[in-house]
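What follows draws every value from the coordinates through simple rules; no lab data is involved. None of these values were measured; they are calculated from a predicted model. FYI the Cβ positions are ideal-geometry reconstructions off the backbone, even for glycines, and counts take in every protein chain you see.
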Amino acid sequence: VQLVESGGGLVQAGGSLRLSCAASGGTFGINAMGWYRQAPGKLRELVAAITKGTGSTNYADSVKGRFTISRDDAKNTMYLQMNSLKPEDTGVYYCNAQSVLWGSSWGQGTQVTVSS
């Protein structure tokens, strides 16, 4: 499956951004999707995830109450609405898809920069 992220950019602290991840090719096998981020000099971390069936979600403690993950199955697209952004939210955001059929797939990433 191919994943393409979009929606990153530069925003001031307190602002909002909406990331999108469009999936194509083999999307029937996806069991769960998620957003990860990697700040300079840090490990990649899970931000939010959503299951394909029930739509159950989970969030990193640092983004709870500010970020919302959602999906549109008709468009094979996943979203991450990010509100009340903080400088520490800065990083490259990656889309990930998991499948019991073919494992894991990553997008190329989209840069999010939050200025103070």
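Indicate, rounded to the nearest 5 percent, the antiparallel portion of the DSSP beta bridges found entirely in the chain.
Numbers: 40 of 44 bridges.
Taking every DSSP beta bridge with both residues in the chain, the antiparallel ones total about 90 percent.
Take the Cα of D73, step 7 Å toward its Cβ, do the same at E88, and the gap between the two points is 3.6 nm.
Note down the magnitude of the dipole of the stretch 29-73 about its Cα centre, charges +1 on Lys and Arg C-beta and -1 on Asp and Glu C-beta and zero elsewhere, to the nearest 20 debye. Before the final figure, lay out the partial values.
Numbers: 7 positive and 4 negative charges, 32 e Å.
Result for the stretch 29-73 is approximately 160 debye, rounded to the nearest 20.
The three principal axes of the Cα atoms in the stretch 1-105 give end-to-end lengths of 39, 27, 23 Å, sorted in falling order. For the chain, the Cβ-based charge dipole about the Cα centre amounts to some 60 debye (Lys, Arg positive; Asp, Glu negative; other atoms uncharged).
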